[in-house]
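Structure first, commentary second.
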Amino acid sequence: MTTVPRPAAELSADDARRIALRAQGFLGAPDRRAGVRGVLRGLGQVQLDTISVLARSHELIPYARLGAVGRTAVEDAYWPTGPDGAPPARRNAFEYWSHAACVLPVEEWPHFAFRRRAYRDRPHWSHELAAGAYDKVIDQLRTEGPLTATELGGAKNKGEWWDWSDSKIAVERALMYGEVVVVERRSWKRVYDLAERAIPQPLLHDDLDDTECVRRLVRQAGEALGVGTRADIADYHRLKGEQFDAVVEAAGLVPVTVAGWGKPAWADPAALASEPRGRHRTTLLSPFDSLIWERARTERIFGFTHRLEAYVPKQKRVHGYFAMPVLAGGRLVGRVDPAREGRTLVARQVTLDGPKAVPAVARALREAAEWVGCDAVSVVPDRVNPPELAPELVRALG
């Protein structure tokens with residue numbers, strides 16, 4: 001790691017927390033005119049995931065910031081269609097590998113040239129590809145327009161789930177190379193099209209060198225986080241620490257110290273220019289939300305330990321399958337493992353920080369229920385921790 005220059009500012013832990021909340025869109029009035037597209041541009045990416053409990057994560061992330069924005073409006077903001085389902089005049093976003101599989105603003109296409117080049121230069125793949133399969137997929141997309149893997153010839157062979165067909169291997173390789181773009185999700189299936197059709201012509205290039213691409217992504221990550229350590233900022237787009245070191249000065253982030261962090265940090269200069277003020281959101285958070293997706297950062301900022309337990313054996317889960325932290329007053333005050341049973345949102349398990357968390361958790365549950373079309377909320381009383389707060393939570397929900 002390179003030598004850190006003298007800090008430009010000394011921040012308290014609360015300063016850093018408020019800066020992070022404002023940068024992530026949870027402190028201050030949301031820009032409702034910009035809507036979901038504004039959230040996407042501000043965050044620089046929205047992570048995708050297959051799990052759907054209340055809704056999928058890419059829906060939960062704008063909801064957490066804007067409130068009960070229509071779910072159709074969320075999909076239209078990412079993947080608009082023209083009249084009668086025709087391709088739109090302009091794409092708003094594309095799907096690519098960033099922090100994970102993410103929706104990205106279409107304006108960021110040039111800045112992922114470094115990653116596309118790296119994939120093209122990769123010496124081997126985990127899947128072998130039959131001769132001619134790649135060209136066949138490209139020709140089919142050119143002739144027939146946007147298609148799913150199933151429409152291209154089938155996503156799988158007859159083996160296990162990872163036993164991809166040649167057409168699936170080919171189109172995913174073309175996606176990594178940048179010759180193909182995911183233009184929408186249809187019943188959660190990727191819909192592929194040629195980049196030459198889907199990406200606006202002024203953006204369709206790999207002209208930027210690796211250094212310029214990484215510089216832009218480090219700057220964007222710093223702006224989206226407000227303040228972060230080297231690991232926080234590098235991990236936002238899955239960059240290496242050495243890549244961060246090489247460009248951080250040129251990216252314009254400034255070194256700061258944060259009380260209690262114990263590590264050097266950097267901040268967006270604009271985030272330091274004014275004191276974070278405004279209304280705090282009260283909401284359920286997806287575990288894949290960029291405010292909390294990195295466990296070490298979440299513990300450092302909020303003193304809150306969180307782990308996604310969806311992939312933990314049921315008998316070993318502590319907080320539930322898809323426990324969602326509850327944000328209120330700029331703090332994480334509890335967590336809820338939700339489920340939908342008909343038109344009832346069921347809180348299968350609830351953990352509360354204390355009595356003061358009860359009204360916030362009740363409010364977050366009622367708002368989430370209304371958003372997903374439920375007209376009732378129920379709690380499993382013997383799954384509330386601490387148990388003495390269960391009656392109070394039931395009353396608050398009533």
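Data table
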quantity: Of all residues in region 310-335 being assigned to a loop (DSSP other than H, G, I, E, B) and in contact (Cβ under 8 Å) with a residue 40 or more places away in the chain, the one that is nearest to the chain's Cα centre (by Cα); calculated: Phe322
quantity: Region 368-398 - residue that is open to solvent by 80 Å² or more (accessible area, probe 1.4 Å) and assigned to a helix (DSSP H, G or I) and, of those, nearest to Val53 (Cα to Cα); calculated: Glu370
quantity: Members of region 243-281 that are open to solvent by less than 40 Å² (accessible area, probe 1.4 Å), closer than 30 Å to Ala68 by Cα and in a loop (DSSP other than H, G, I, E, B); calculated: Asp268, Pro276, Arg281
quantity: Any helices (runs of 4 or more DSSP H) falling wholly within region 194-242 and containing at least 1 residues that are in contact with a helix residue (DSSP H, G or I) (Cβ under 7 Å, 6 or more places away or on another chain), surrounded by fewer than 20 Cβ atoms within 10 Å (Cβ to Cβ) and on the phi > 0 side of the Ramachandran plot; calculated: none
quantity: Residues of region 282-309 that turn out to be open to solvent by 20 Å² or more (accessible area, probe 1.4 Å) and not aliphatic (A, V, I, L, M), as a count; calculated: 10
quantity: Test for Arg6: is it in contact (Cβ under 8 Å) with a residue 60 or more places away in the chain, part of a helix (DSSP H, G or I) and surrounded by fewer than 23 Cβ atoms within 10 Å (Cβ to Cβ); calculated: no
quantity: Subset tally (residues that are in a helix (DSSP H, G or I) and surrounded by fewer than 21 Cβ atoms within 10 Å (Cβ to Cβ)) for region 60-76; calculated: 5
quantity: Per-region count, region 19-35, residues within 14 Å of the chain's Cα centre (by Cα) and either of a type in the set (S, T, N, Q) or open to solvent by less than 10 Å² (accessible area, probe 1.4 Å) (or both); calculated: 1
quantity: Restricting region 336-358 to residues that are of a type outside the set (A, V, I, L, M, F, W, C) and within 22 Å of the chain's Cα centre (by Cα), the residue that is farthest from Cys374 (Cα to Cα); calculated: Asp337
quantity: Residue satisfying condition, being hydrophobic (A, V, I, L, M, F, W, C), in a strand (DSSP E or B) and either open to solvent by less than 20 Å² (accessible area, probe 1.4 Å) or closer than 22 Å to Val394 by Cβ (or both), within set Leu345, Leu365; calculated: Leu345
quantity: Hits in region 162-190 (condition: touching a Phe, Trp or Tyr at 6+ places or on another chain (Cβ under 8 Å), outside any helix (DSSP H, G or I) and either surrounded by fewer than 16 Cβ atoms within 10 Å (Cβ to Cβ) or among the aliphatic types (A, V, I, L, M) (or both)); calculated: Val180, Val181, Val182, Val183
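The values are calculated or read from the model by the stated rules, or taken from the named source; none is laboratory data. Computed from a prediction, not measured in an experiment: that's the story for all the values here. For neighbour counting, all protein chains shown are included, and Cβ atoms are generated from backbone atoms with ideal geometry for every residue, glycine included. Remember, those area values only see protein heavy atoms, side chains included, never the ligands or the DNA or RNA. Shrake-Rupley method; radii C 1.70, N 1.55, O 1.52, S 1.80 Å.
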